[in-house]
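Asks: Sending over a structure as structure tokens; questions will come in a sec.
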Amino acid sequence: MSELIHSSDAYTGANTLQHARVGVHFHEIIDTGDGDEDYNVVPNSQCVVEREVVRGDAEMKIPDKSNYYLNGKIAKFSEVAKYLGEKGIDLDNNRFLILQGEVEMISMMPPKGKTENDEGLLEYLEVSGLALYVRHARLIGI
């Protein structure tokens, strides 16, 4: 996980960064129409989910550590997943939210699976419910 921590030449030796943290801010909304801007934000519904990666120490055999936060308070991943599930965000099946670690896997996919049971980017998009992109990909010959 420590590969996720910035490590350019400016941050070596005593300047080595020891952690990285990313957060996603959510609001509950009420749709008021079909347009992208046709909604109202539910007052006091903001939620912040964060993940922090803390660099371990290979020499001392201390592994990297991952911490999760829900609204600024440390939480177990299962608590974060349960909370999001209660709000209608299904981490198992909905593909609109790409979890940390999945980006590389997706970027390494071939454009199209080689067999019927093989998954490439095109099949991944179909499973994701992004049919518009699948139609476009087929039009351009992927």
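The values are calculated or read from the model by the stated rules, or taken from the named source; none is laboratory data. What you see is a predicted model, and the numbers here were worked out from it, not measured in a lab. Every residue, glycine among them, receives a Cβ derived from its backbone with ideal geometry; neighbour counts consider all protein chains shown.
Asks: Of all residues in segment 70-98 being of a type in the set (A, V, I, L, M, F, W, C) and modelled with pLDDT of 80 or more, which is nearest to V49 (Cα to Cα)?
Replies: Quick first cut of segment 70-98, residues of a type in the set (A, V, I, L, M, F, W, C) only: 70, 74-75, 77, 80-81, 84, 89, 91, 96-98.
Next cut, modelled with pLDDT of 80 or more only: 70, 74-75, 77, 80-81, 84.
Numbers: L70: 5, I74: 10, A75: 10, F77: 10, V80: 7, A81: 10, L84: 9 Å.
The qualifying residue nearest to V49 (Cα to Cα) is L70.
Asks: I've got another one for you. K76 versus (1) surrounded by 15 or more Cβ atoms within 10 Å (Cβ to Cβ); (2) of a type outside the set (G, A, S); (3) touching a Phe, Trp or Tyr at 6+ places or on another chain (Cβ under 9 Å): which is the lone unmet condition?
Replies: All conditions pass for K76, except number (1).
Asks: Would it be correct to say that E28 is of a type in the set (D, E) and surrounded by 11 or more Cβ atoms within 10 Å (Cβ to Cβ)?
Replies: Numbers: of a type in the set (D, E): yes; surrounded by 11 or more Cβ atoms within 10 Å (Cβ to Cβ): yes.
Criteria met by E28.
Asks: Let me ask something else. From L70, L4, L84, L17, which residue is touching a Cys at 6+ places or on another chain (Cβ under 8 Å) and either under 23 Å from E104 (Cβ atoms) or surrounded by 11 or more Cβ atoms within 10 Å (Cβ to Cβ) (or both)?
Replies: Every option except L70 fails the conditions.
Asks: Name the residue, out of G23, G35, G56, that is touching a Pro at 6+ places or on another chain (Cβ under 9 Å) and either surrounded by 13 or more Cβ atoms within 10 Å (Cβ to Cβ) or without any contact (Cβ under 8 Å) to a residue 60 or more places away in the chain (or both).
Replies: Numbers: G23 fails: touching a Pro at 6+ places or on another chain (Cβ under 9 Å); G35 fails: touching a Pro at 6+ places or on another chain (Cβ under 9 Å).
Answer to the check: G56.
Asks: Please work out if V22 is of a type in the set (A, V, I, L, M, F, W, C), within 29 Å of Y83 (Cβ to Cβ) and modelled with pLDDT of 90 or more. Show your work before the answer.
Replies: Numbers: of a type in the set (A, V, I, L, M, F, W, C): yes; within 29 Å of Y83 (Cβ to Cβ): yes; modelled with pLDDT of 90 or more: no.
No: the conditions fail for V22.
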